[in-house]
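Trainee: What follows is a structure written as structure tokens; I'll ask about it next.
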Amino acid sequence: MKNISINVVGIGAESYPNGTTPLEILSSTKGIAKDTIICKVDDILTDLSTSLTGDATVQFLDGKSKDGHSVLLHSTAHLMAQAVKRLYPKTKVTIGPYLENRFYYDFDVETPFTEQDLLKIEKEMLKISQENLEIVHEVKSRKEALKFFKKIGEDYKVEIINDLDKSEVLKVYAQGDFTDLCRGPHVPSTGTIQHFKLLSSSAAYWRGDENNQTLQRVYGTSFTSAKELKKYLLMLEEQKKRDHRKIGKELDLYFHDEEVGPGLPLWTPNGAVIIDELEALAKEKEDLGGYKRVRTPHLTKGALYEKSGHLEHYRSSMYPAMDVDGTDYYMKPMNCPHHHKIYANTPKSYRDLPYRLSEYGTCYRYEKSGELFGLMRVRSMQMNDAHIYCTEDQFKEEFIAVCNLYMDYFKIFGIEKYEMRLGLHDSKGLGKKYINNPKLWKKTEDDVRNALKDAGLKFTESVGDAAFYGPKIDVQVWSAIGKEFSLATNQVDFAVPERFNLTYKDVDGKSKTPLCIHRAPLGTHERFIGFLIEHFGGNFPLWLAPKQVIILPVSDKFNDYAYNISESLKAHGVRVDVDSRSEKIGSKIRDAEMQKINIMVIVGEKEVEGNTLTVRRRFIKQQQTISLKDFSTEILDEINDRRVPN
């Protein structure tokens with residue numbers, strides 16, 4: 001058989017016998033990192049044991065690379081499943097995907113796992129790792145795969161196979177006494193997996209459907225070194241401390257009540273302050289950007305959502321219809337159909353465009369009970385929403401302006417790491433998941449891609465993540481401790497304006513349909529505040545803090561002086577309280593620190609005599625003695641500038 005040419009990235013092209021595996025190239029070629037665990041063949045992730053049967057470009061990857069780490073995580077999920085099957089043979093396995101820095105596997109077990117069980121499973125995983133079992137794969141026919149998994153009693157695998165398209169190539173991966181249905185790829189052997197930790201277990205439903213079997217989900221993580229694992233586990237500990245549910249309760253920002261209903265947060269006065277400050281910021285930015293604010297109702301007739309396409313594409317995420325005098329009404333899941341109506345209410349010419357409408361409307365979406373999570377997944381949400389109607393010529397400038405608005409917000413909130421993900425349509429979903437107009441999809445996606453490039457913005461692309469009416473940008477941000485959040489969206493709509501017969505009279509006198517940009521730079525107040533709580537760890541910058549200043553008289557006889565200072569600060573709009581309790585000053589300071597109040601003003605005999613204040617800031621040991629006038633100027637400048645402490 002003739003040789004094939006393999007171009008090894010970073011090394012160069014060499015001739016190899018047909019059928020050579022990447023593992024053989026790895027062992028015989030100098031200059032390739034020996035901690036390689038996976039490779040890409042012509043940019044496709046591939047097992048090192050795969051035979052190469054044609055000319056190709058091969059890139060070798062270690063477990064620190066993004067793709068390499070994802071494979072390591074996935075392989076560790078299999079290692080865990082093998083350990084579970086050894087320890088609890090009656091267990092049935094389901095699926096075990098990788099996530100960002102984590103993996104999980106769902107098991108059908110008789111009794112939920114305890115913390116002691118997780119330690120036993122971890123110990124067994126280490127044992128299997130030390131056995132260094134080779135991980136091998138083979139392709140099976142549908143008939144062979146069904147026969148095999150029926151024989152070993154893995155009913156969930158049988159169900160998965162039966163639900164797959166008949167053209168699907170079925171791969172199985174085996175490591176010693178464990179075989180799993182999986183597309184792969186995987187690391188070469190169990191010995192490659194050494195630094196892992198099981199994190200937690202919880203209940204889950206088969207395929208996320210609460211009507212299906214309850215399963216036991218076990219989460220874990222895995223890295224290529226003990227140092228990386230330790231670093232990640234320390235970050236998880238910090239995340240627990242910053243959990244927005246924990247801090248939200250401690251600072252009395254919001255709560256949920258069973259009589260109100262799950263996923264419907266109630267905002268306390270402290271939490272409402274943060275909402276008001278965010279809304280004031282957004283309105284300020286939108287005033288500068290030429291937006292017009294509107295208000296729309298919380299519900300409407302179903303016919304409106306039939307026209308917009310929401311009933312067709314989002315019905316499962318909407319609350320059920322209410323029959324009112326024989327007509328179906330729905331709680332609104334989106335503001336856009338209402339904004340389209342406002343646009344259409346008066347005739348428009350090209351001189352009126354771009355026409356920007358914004359609203360802080362409350363929307364309602366039915367999230368499954370098992371998916372509700374603090375402020376991150378709720379059923380009632382206040383949207384920082386707007387819609388921009390523009391001509392094709394105006395699109396690029398308007399789209400970039402929205403992206404630049406994101407950049408402004410990132411600076412204000414001290415967000416240093418972010419990523420824009422361009423969601424594209426999948427041609428297989430045309431007419432089902434997406435509007436069936438291939439030409440417009442290509443044109444609009446190219447327009448968005450070019451706008452991002454021309455603006456010098458970094459982005460990644462993701463096929464299948466578009467909205468049903470057009471491509472979109474999803475903005476991912478990372479908190480101060482490296483936790484990733486989905487924050488905002490910027491979507492292009494080339495289809496729905498036509499459904500609503502939205503038009504403008506162009507310079508040539510002809511009637512044309514505008515493009516619509518859907519944008520929500522701060523997402524929902526619920527999710528964004530959840531992010532901010534964790535980002536700042538509850539230590540909000542002064543302008544955003546529910547309580548900005550607390551005055552602490554050292555004894556009751558200085559209360560009058562404290563209240564006089566309080567009234568003066570309140571007159572300037574400062575959020576200030578007086579702790580007039582008959583407690584020792586040390587106790588008052590500790591309580592103020594527990595409430596994460598930024599500034600403590602201590603007043604006693606010295607301050608009264610000198611008509612001054614002693615100012616103590618959180619995390620700063622040195623106290624400051626200052627006049628009320630200078631103090632007011634100092635903090636008002638900090639508040640008005642919306643400064644974020646370093």
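Trainee: If we only count strands (runs of 3 or more DSSP E) wholly inside segment 1-69, which ones have 3 or more residues that are of a type in the set (G, A, S) and not assigned by TED's automatic domain parsing to the domain that holds S189?
Mentor: In segment 1-69, the matching strands (runs of 3 or more DSSP E) lie at 12-16.
Trainee: Output the residues belonging to segment 280-302 that are under 30 Å from D323 (Cβ atoms) and either touching a Pro at 6+ places or on another chain (Cβ under 7 Å) or part of a loop (DSSP other than H, G, I, E, B) (or both).
Mentor: V294, R295, T296, P297, H298
Trainee: Which of the residues spanning segment 218-248 are surrounded by fewer than 19 Cβ atoms within 10 Å (Cβ to Cβ), within 22 Å of the chain's Cα centre (by Cα) and of a type in the set (D, E, K, R)?
Mentor: Answer for segment 218-248, where residues must be surrounded by fewer than 19 Cβ atoms within 10 Å (Cβ to Cβ), within 22 Å of the chain's Cα centre (by Cα) and of a type in the set (D, E, K, R): K231, E237, E238, K240, K241, D243, R245, K246.
Trainee: Tell me yes or no: at least one residue of segment 432-439 is surrounded by fewer than 17 Cβ atoms within 10 Å (Cβ to Cβ), in a helix (DSSP H, G or I) and of a type in the set (S, T, N, Q).
Mentor: No: zero hits.
Trainee: Now a separate question. In the set S380, S427, S349, which member is under 19 Å from the mean Cα position of the chain (by Cα) and either buried (at least 17 other Cβ atoms within 10 Å of the Cβ) or not β-branched (V, I, T) (or both)?
Mentor: S380
Trainee: Among the helices (runs of 4 or more DSSP H) lying completely within segment 506-596, list those that include at least 2 residues that are outside the structural domain of K629 (by TED's automatic domain parsing) and buried (at least 22 other Cβ atoms within 10 Å of the Cβ).
Mentor: In segment 506-596, the matching helices (runs of 4 or more DSSP H) lie at 525-536.
Trainee: Return the only residue of V615, V644 being closer than 24 Å to E277 by Cβ, outside any helix (DSSP H, G or I) and modelled with pLDDT of 95 or more.
Mentor: The match here is V615.
Trainee: Then there's this: Which numbered condition trips up M420, out of (1) surrounded by fewer than 19 Cβ atoms within 10 Å (Cβ to Cβ); (2) not in a strand (DSSP E or B)?
Mentor: If we test M420 against (1) surrounded by fewer than 19 Cβ atoms within 10 Å (Cβ to Cβ); (2) not in a strand (DSSP E or B), just (2) comes out false.
Trainee: Okay, moving on. Out of all the residues in segment 612-646, which are over 25 Å from L532 (Cα atoms) and either among the small types (G, A, S) or out of contact with any strand residue (DSSP E or B) (no Cβ under 7 Å at 6 or more places or on another chain) (or both)?
Mentor: K621, Q622, S627, K629, D630, S632, T633
Trainee: Looking only at segment 22-69, filter to residues that are in contact (Cβ under 8 Å) with a residue 40 or more places away in the chain and loosely packed, with under 15 Cβ neighbours inside 10 Å; which one of those is nearest to E134 (Cα to Cα)?
Mentor: D35
Trainee: Could I ask something else about it? Among (1) closer than 26 Å to I412 by Cβ; (2) acidic (D, E); (3) more than 42 Å from the chain's Cα centre (by Cα), there is one condition D637 misses while meeting the rest; what is its number?
Mentor: (3)
Trainee: I would also like to ask the following. For segment 426-447, does any single residue satisfy the condition of being out of contact with any helix residue (DSSP H, G or I) (no Cβ under 8 Å at 6 or more places or on another chain), of a type in the set (A, V, I, L, M) and modelled with pLDDT of 90 or more?
Mentor: Scanning segment 426-447, I find no residue that is out of contact with any helix residue (DSSP H, G or I) (no Cβ under 8 Å at 6 or more places or on another chain), of a type in the set (A, V, I, L, M) and modelled with pLDDT of 90 or more, so the answer is no.
The values are calculated or read from the model by the stated rules, or taken from the named source; none is laboratory data. Fair warning: this is a prediction, and the values are worked out from it, not measured in the lab. Counting neighbours? That spans all protein chains shown, and the Cβs are built from the backbone with ideal geometry, glycine included.
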